[in-house]
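The values are calculated or read from the model by the stated rules, or taken from the named source; none is laboratory data. These numbers come from a predicted model, not from an experiment. Cβ coordinates were reconstructed from backbone atoms using ideal geometry, including for glycine residues, and neighbour counts include every protein chain displayed.
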Amino acid sequence: MITPAPEYVSARRALLDALAALADHLDNLILVGAQAVYHHAGEAELSVPIMTTDGDLAINTHGLEDAPEIGKLLRDVGFTAGPNPGHWIAPSSVAVDLMVVPHQAGTSKPSARAARLQPHEKFTARIARGLEPALVDNTHVVIGSFEPDDDRSVRLRVAGPAALLTAKGIKMAERLELAGTEPHRVKNKDALDAFRILQAVETDDLVRGFGVHSQEEHAATVSKEAIELYREHASTPQGALPVLAAAAAQGDPSVAPAFAALVTGLLAALS
């Protein structure tokens, strides 16, 4: 593996710090986001190096223990609560985000951003739609440090590639809807991460993952939405997502056609 960017090394260090603090809740945590994507995709034969500046964890609240209190655990090792729910900032200024899916959030208030995980503090985690498949589509893996003088490793649940592809799709769909008024929220990197998954993971494995999602109503609903998002915005080289991915890949002319071809193949296999 190519040596990760310094920012990614710092992000992994902060993630391991958070996981060590949350050891008593480890089986209720699932790695999602870019660090999970890179676990499955690695370099994905792209000229753009893998790089992320944070860590993302979904909390499965089913069976989550009341104690020890999550916020106190993180504060005891130097994390501070950021301005938004679930945004925890390490002493190194690297963020680790804790997220909960809507149907486990303890509130149905449409404007709510913070999950209610009493007796854990109110702003422990933010509500994030799109992670539902990660609760049922994950496997235990061992993740470690990227630093030679840090021998820490943690056995942790990591979201499966189909779950990550769904999460990226839901996230991009929400941001594409806001593109007219908040164009800064559309991130090229999200599309490139989706392309990394499509490029690195066998179509049959993705199909199996989506099959797992279909067995749980909440996972099935968001997976279907994500699939339609890819059908509408990624099945041709001119689609919004292939274009964004190509821009993130420094204008590589092969990315958009490859993205569209992989999406087309996946859609055919799913049908």
Output the residue which, of all residues in segment 44-102 that are charged (D, E, K, R) and under 30 Å from A245 (Cβ atoms), is surrounded by the most Cβ atoms within 10 Å (Cβ to Cβ).
D56
Consider segment 103-129. How many of its residues are in contact with a strand residue (DSSP E or B) (Cβ under 9 Å, 6 or more places away or on another chain) and within 14 Å of E216 (Cβ to Cβ)?
1
Single unsatisfied condition, E147 versus (1) over 14 Å from L16 (Cα atoms); (2) more than 17 Å from the chain's Cα centre (by Cα); (3) part of a loop (DSSP other than H, G, I, E, B)
(1)
Inspect segment 166-183 for any residue being touching a His at 6+ places or on another chain (Cβ under 8 Å), in a helix (DSSP H, G or I) and either without any contact (Cβ under 8 Å) to a residue 24 or more places away in the chain or in the same structural domain as L57 (by TED's automatic domain parsing) (or both) and give the result as yes or no.
no
Those helices (runs of 4 or more DSSP H) lying entirely in segment 1-86 with at least 2 residues under 14 Å from the mean Cα position of the chain (by Cα) and at pLDDT below 95:
33-41
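Take segment 103-114 and flag every residue that is touching a Pro at 6+ places or on another chain (Cβ under 6 Å) and either crowded, with 19+ Cβ neighbours inside 10 Å or not charged (D, E, K, R) (or both).
So in segment 103-114, the residues touching a Pro at 6+ places or on another chain (Cβ under 6 Å) come out as 113-114.
Selection gives A114 alone.
I'm trying to understand the selection: among the residues of segment 215-234, which are surrounded by fewer than 19 Cβ atoms within 10 Å (Cβ to Cβ) and more than 14 Å from L131 (Cα to Cα)? Outline the logic, then answer.
Filtering segment 215-234 down to residues surrounded by fewer than 19 Cβ atoms within 10 Å (Cβ to Cβ) leaves 215-218, 220-221, 224-225, 228, 231-232.
Correct list: Q215, E228, R231, E232.
Please count how many residues of segment 147-169 are among the charged types (D, E, K, R) and in contact with a Gly (Cβ under 6 Å, 6 or more places away or on another chain). Please lay out each step first, then the result.
Taking segment 147-169 as the starting set, the residues that turn out to be among the charged types (D, E, K, R) are 147, 149-152, 155, 157, 168.
Those left that are additionally in contact with a Gly (Cβ under 6 Å, 6 or more places away or on another chain): none.
So the count comes out to 0.
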Could you list all residues from segment 65-81 that are of a type in the set (A, V, I, L, M, F, W, C) and more than 13 Å from A125 (Cα to Cα)?
A67, L73, V77, F79
Within the group V207, V212, V263, which residue is within 16 Å of G130 (Cα to Cα), touching a residue at least 24 places away in the same chain (Cβ under 8 Å) and not assigned by TED's automatic domain parsing to the domain that holds Y38?
V212
Against the definition (at pLDDT 90 or above and not assigned by TED's automatic domain parsing to the domain that holds V141), how does D190 come out, yes or no?
yes
Of a type outside the set (S, T, N, Q), surrounded by fewer than 20 Cβ atoms within 10 Å (Cβ to Cβ) and under 21 Å from D24 (Cβ atoms), is that true of V142?
yes
